[in-house]
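A quick write-up on the structure given underneath.
The values are calculated or read from the model by the stated rules, or taken from the named source; none is laboratory data. If you're wondering where the values come from, they're calculated on a predicted model, not measured in any experiment. Neighbour counts are summed over all protein chains in view; Cβ atoms, including those assigned to glycine, are modelled from backbone coordinates with ideal geometry.
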Amino acid sequence: MNLDELERLERDATEGPWSSTPSDPSQGYECFWITACPEINQEREIATVCGPQNERNTSNAALIAALRNAARELIADARRYRWLKERLHGVDFNYMDADNRANSVIVFKIDDEVRMSGNLDLSIDAAIAQEQK
């Protein structure tokens, strides 16, 4: 999966949020419209999922909209995961905590200059940015 290409596609696509709306089958046509509404009263049709309003097509239309809405966060999480994966140092399956209970611990090798905080996403993003300097 090429994250740079996904990021480019996400950036170039119509802004969200996207949603899926079923047609009214009593009007003789069954489909789901995928629409974007980046600003109030600015709804635009993006695509149509044609066919009966069955469970599969309902899920297909909802998935298209949901993935578009979550794309930035999913790409950022994938980048963080790949960054951490490259730094995997080891695993201790019998690490004893303060209450003398065994836990599994994953250890990552990270530069001493990286400051970790309670917000793991922000900490990893800062570490990635620091490496790119």
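Considering every residue within the stretch 46-59, establish whether at least one is in a helix (DSSP H, G or I), among the small types (Gly, Ala, Ser) and within 23 Å of the chain's Cα centre (by Cα). Checked against the condition, which is being in a helix (DSSP H, G or I), among the small types (Gly, Ala, Ser) and within 23 Å of the chain's Cα centre (by Cα), the stretch 46-59 yields at least one hit. Every listed requirement among (1) exposed (fewer than 14 other Cβ atoms within 10 Å of the Cβ); (2) assigned to a helix (DSSP H, G or I); (3) of a type outside the set (Gly, Ala, Ser) is met by Ile64 save one, (1). For the stretch 61-92, a residue qualifies if it is more than 30 Å from Ala127 (Cα to Cα) and in contact (Cβ under 8 Å) with a residue 12 or more places away in the chain, and the qualifying residues are Ala61, Ala62, Ile64, Ala65. Pairs meeting the criteria (first residue in the stretch 105-121 and within 17 Å of Ala76 (Cβ to Cβ), second residue loosely packed, with under 12 Cβ neighbours inside 10 Å, beta carbons under 7 Å, at least 6 apart or on different chains) are lacking. A search for C-beta distances below 7 Å between a residue of the stretch 48-60 that is in the same structural domain as Ala36 (by TED's automatic domain parsing) and any residue that is assigned to a helix (DSSP H, G or I) and exposed (fewer than 15 other Cβ atoms within 10 Å of the Cβ), counting only pairs 6+ apart in sequence or on different chains, returns Gln53/Pro25.
Per this entry, Ala76 is counted among residues that are farther than 30 Å from Pro25 by Cβ and under 16 Å from the mean Cα position of the chain (by Cα). Here is the figure for the stretch 10-45: residues that are in a helix (DSSP H, G or I) and modelled with pLDDT of 95 or more total 3. Just checking, does the stretch 1-9 include any residue being under 16 Å from the mean Cα position of the chain (by Cα), closer than 30 Å to Ala129 by Cα and not in a helix (DSSP H, G or I)? Within the stretch 1-9 (the criterion being under 16 Å from the mean Cα position of the chain (by Cα), closer than 30 Å to Ala129 by Cα and not in a helix (DSSP H, G or I)), the answer is yes, since at least one residue qualifies.
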